[in-house]
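Student: Below is a structure I'd like to ask you about.
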Amino acid sequence: MNDPKDRVLDSYALLAYLENEAGAPQVKSLLRQAATGPSRLWMSIVNLGEVLYITERERGLAHSRNVLAAVDQLPVDMVLADRAQTLAAAHIKARFPLSYADAFAAALAQTKGIPLVTGDEEFSRVESLVAIEWLPKKRS
């Protein structure tokens, strides 16, 4: 059973933390809570891939590998994209105009019945499906 404080992180939330963006303090607080229990943080492996390709594109392969090593130390449970998650994400993608990776985050939050933490405005399109905990917008 999920703790009421369990959350799903999307790539926006993890990048905000890693890049010390506007939402970093909120994500850091969630990470502290997950480290001490009983709450847990969840993320789809597809969204981790999104973090890594964005990081590699913007800062290079070496930095991306360092990010992966850092993420592997965080108290975040990575959920593999199995058949059930893939079908749930495909169903969401077919019904709502959001990216395929974002559909995996939404599907995970919906499946677990817990809020999704993000600052990505695309998720406003699925607020009828999942609760969203909004992070502040990125600094300009």
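The values are calculated or read from the model by the stated rules, or taken from the named source; none is laboratory data. A quick note: this is a predicted structure, and the numbers were derived from the prediction, not measured. Here Cβ is always computed from backbone atoms with ideal geometry, including for glycine, and neighbour counts include all displayed protein chains.
Student: Suppose we keep only residues that are charged (D, E, K, R) and loosely packed, with under 15 Cβ neighbours inside 10 Å within segment 109-133. Which one would you say is nearest to the chain's Cα centre (by Cα)?
Tutor: Across segment 109-133, the extreme among qualifying residues is Glu121.
Student: Is segment 30-48 home to any residue that is farther than 17 Å from Val130 by Cβ, outside any helix (DSSP H, G or I) and aliphatic (A, V, I, L, M)?
Tutor: Checking segment 30-48: not a single residue is farther than 17 Å from Val130 by Cβ, outside any helix (DSSP H, G or I) and aliphatic (A, V, I, L, M).
Student: Might you let me know whether segment 56-66 holds any residue that is surrounded by 13 or more Cβ atoms within 10 Å (Cβ to Cβ) and either within 23 Å of Pro136 (Cα to Cα) or touching a strand residue (DSSP E or B) at 6+ places or on another chain (Cβ under 7 Å) (or both)?
Tutor: Within segment 56-66, none of the residues are surrounded by 13 or more Cβ atoms within 10 Å (Cβ to Cβ) and either within 23 Å of Pro136 (Cα to Cα) or touching a strand residue (DSSP E or B) at 6+ places or on another chain (Cβ under 7 Å) (or both).
Student: Do the conditions hold for Pro136, that is, is it at pLDDT below 95 and surrounded by 13 or more Cβ atoms within 10 Å (Cβ to Cβ)?
Tutor: Considered against the rule, which asks whether it is at pLDDT below 95 and surrounded by 13 or more Cβ atoms within 10 Å (Cβ to Cβ), Pro136 comes out as yes.
Student: Please work out if Ala106 is part of a helix (DSSP H, G or I) and crowded, with 18+ Cβ neighbours inside 10 Å.
Tutor: Taking the combined requirement at face value, the residue satisfies it.
Student: How many of the residues making up segment 81-103 are small (Gly, Ala, Ser), outside any helix (DSSP H, G or I) and within 29 Å of Pro25 (Cβ to Cβ)?
Tutor: Count: 1.
Student: Evaluate segment 80-91: report whether one residue or more is within 26 Å of Pro136 (Cβ to Cβ), at pLDDT 95 or above and either among the charged types (D, E, K, R) or crowded, with 19+ Cβ neighbours inside 10 Å (or both).
Tutor: Scanning segment 80-91 turns up no residue that is within 26 Å of Pro136 (Cβ to Cβ), at pLDDT 95 or above and either among the charged types (D, E, K, R) or crowded, with 19+ Cβ neighbours inside 10 Å (or both).
Student: For segment 1-25, name all the residues that are free of Cβ contacts under 8 Å to residues at least 24 places away in the same chain, under 21 Å from Lys112 (Cβ atoms) and part of a helix (DSSP H, G or I).
Tutor: Tyr17
Student: Do we have any residue at all in segment 3-12 that's farther than 27 Å from Glu58 by Cβ, out of contact with any Cys (no Cβ under 9 Å at 6 or more places or on another chain), surrounded by fewer than 18 Cβ atoms within 10 Å (Cβ to Cβ) and basic (Lys, Arg)?
Tutor: Yes, some residue in segment 3-12 is farther than 27 Å from Glu58 by Cβ, out of contact with any Cys (no Cβ under 9 Å at 6 or more places or on another chain), surrounded by fewer than 18 Cβ atoms within 10 Å (Cβ to Cβ) and basic (Lys, Arg).
Student: Shifting gears a bit: Of the conditions (1) without any contact (Cβ under 8 Å) to a residue 40 or more places away in the chain; (2) surrounded by 15 or more Cβ atoms within 10 Å (Cβ to Cβ); (3) in a helix (DSSP H, G or I); (4) not aromatic (Phe, Trp, Tyr), Val51 clears all except one; give me its number.
Tutor: (1)
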